[in-house]
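The structure appears right after this line, and notes come after that.
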Amino acid sequence: MRRVAYVLYGGVCYGVFLATSLYAIAFVEGLPVPRTLDAGGPSSAPATALLVDALLLTLFALQHSGMARRGFKDVWTRIVPEPIERSTYVLATSSCLIALFALWRPIPAVVWSVESPVLRGVLFAVSALGWFIMLFSTFLINHFELFGLRQVFLAARRKELPAPPFRTPVLYKVVRHPIYLGFVLAFWAAPTMTVGHLVFAVATLGYILVGIQLEERDLIREYGARYLSYREQVRGLIPIPRRLPEASGATVQAK
């Protein structure tokens, strides 16, 4: 019965994640949803809006990065059963995003606006490419493990989750963190950049840069010299080749 409950819980958490992710795309891109980065939220004085938005982004960063650390997991799994640890993490991340969507204060002053229809189309295409890179990269490692489904289904079959392999599939041969690269492209390729959107883009870029350092510290502990060699051969976010990596590299899972 417990194993069935794990599967149901994992499925619900994944469903919430899917719905939240789709809304996140609409939220950033300004698609017709109740609230976006630039419209729909309660109006506030710019200083108040900036403070609220900064607090929401800080909450997300602390949860998303803190709960992903090895030390936190070691303690957390004494409370939460290990098969649903990742699903719980995904649910917590989705909850922080939902709070951000609901409480975000737009700051609509325009920083730049591209008027050329061709250039606007190019920027929209780059942003869409970013979302695609992000999603595609999750499947290059293990999408269903990254979001907790594999763990609960293995537990239902009385199997343990195997250790992640040491490899560099496709985009991971070009940059170490293609998921983060996708987010950077999606957030910054904006035909119209408002102050609110810029605050969001700058804050998430800062979080990504810090998150990479924390994540790679864990990866070095896990893979040692192999990851260090991979890091020397492949850039973190900028897809400019250094030299071809060896056949075996590290799968970089953004958690």
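The values are calculated or read from the model by the stated rules, or taken from the named source; none is laboratory data. It should be emphasised that the depicted structure is a prediction, and the values quoted were computed from it without experimental measurement. Reconstructed Cβ throughout: ideal geometry from the backbone, glycine too, with neighbour counts over all protein chains shown.
Summary of values
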read-out	value
Qualifying residue in segment 85-92 (condition: out of contact with any helix residue (DSSP H, G or I) (no Cβ under 9 Å at 6 or more places or on another chain), within 30 Å of Ala45 (Cα to Cα) and either touching a residue at least 40 places away in the same chain (Cβ under 8 Å) or in a helix (DSSP H, G or I) (or both))	no
Hits in segment 93-117 - residues which are over 17 Å from Val202 (Cα atoms) and among the charged types (D, E, K, R)	Glu115
Output for segment 202-225, where each listed residue is under 21 Å from Leu185 (Cα atoms) and of a type in the set (A, V, I, L, M, F, W, C)	Val202, Ala203, Leu205, Ile208, Leu209, Val210, Ile212
Looking only at segment 156-177, and only at residues there that are closer than 28 Å to Leu205 by Cβ and without any contact (Cβ under 8 Å) to a residue 40 or more places away in the chain, the one that is surrounded by the most Cβ atoms within 10 Å (Cβ to Cβ)	Leu171
Residues of segment 50-100 that turn out to be within 22 Å of Arg157 (Cα to Cα) and in contact with a Lys or Arg (Cβ under 7 Å, 6 or more places away or on another chain), as a count	1
Among (1) within 19 Å of the chain's Cα centre (by Cα); (2) surrounded by fewer than 15 Cβ atoms within 10 Å (Cβ to Cβ); (3) on the phi > 0 side of the Ramachandran plot, the one test that Gly148 misses	(2)
Residue in segment 105-121 that is in a helix (DSSP H, G or I), of a type in the set (A, V, I, L, M) and either surrounded by 13 or more Cβ atoms within 10 Å (Cβ to Cβ) or touching a helix residue (DSSP H, G or I) at 6+ places or on another chain (Cβ under 6 Å) (or both) present	no
Pick from segment 1-15, criterion among the β-branched types (Val, Ile, Thr) and at pLDDT 95 or above, ranking: nearest to the chain's Cα centre (by Cα)	Val12
Residue satisfying condition, being touching a Phe, Trp or Tyr at 6+ places or on another chain (Cβ under 9 Å) and not charged (D, E, K, R), within set Gly10, Gly30, Gly71, Gly15	Gly10
Residues of segment 125-146 satisfying the condition of being among the polar types (S, T, N, Q) and in contact with a helix residue (DSSP H, G or I) (Cβ under 6 Å, 6 or more places away or on another chain)	Ser127, Ser137, Thr138
Selection within segment 24-62 - touching a Pro at 6+ places or on another chain (Cβ under 8 Å) and assigned to a helix (DSSP H, G or I)	Ala26, Ala49
Helices (runs of 4 or more DSSP H) contained entirely in segment 178-247, each with at least 2 residues that are crowded, with 20+ Cβ neighbours inside 10 Å, in contact with a helix residue (DSSP H, G or I) (Cβ under 8 Å, 6 or more places away or on another chain) and among the aliphatic types (A, V, I, L, M)	178-188, 195-223
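Results for (1) surrounded by 13 or more Cβ atoms within 10 Å (Cβ to Cβ); (2) at pLDDT below 95; (3) touching a His at 6+ places or on another chain (Cβ under 9 Å); (4) not basic (Lys, Arg), shown as yes or no for each residue.
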residue	(1), (2), (3), (4)
Phe17	yes, no, no, yes
Lys73	yes, yes, no, no
Thr77	yes, yes, no, yes
Thr88	yes, no, no, yes
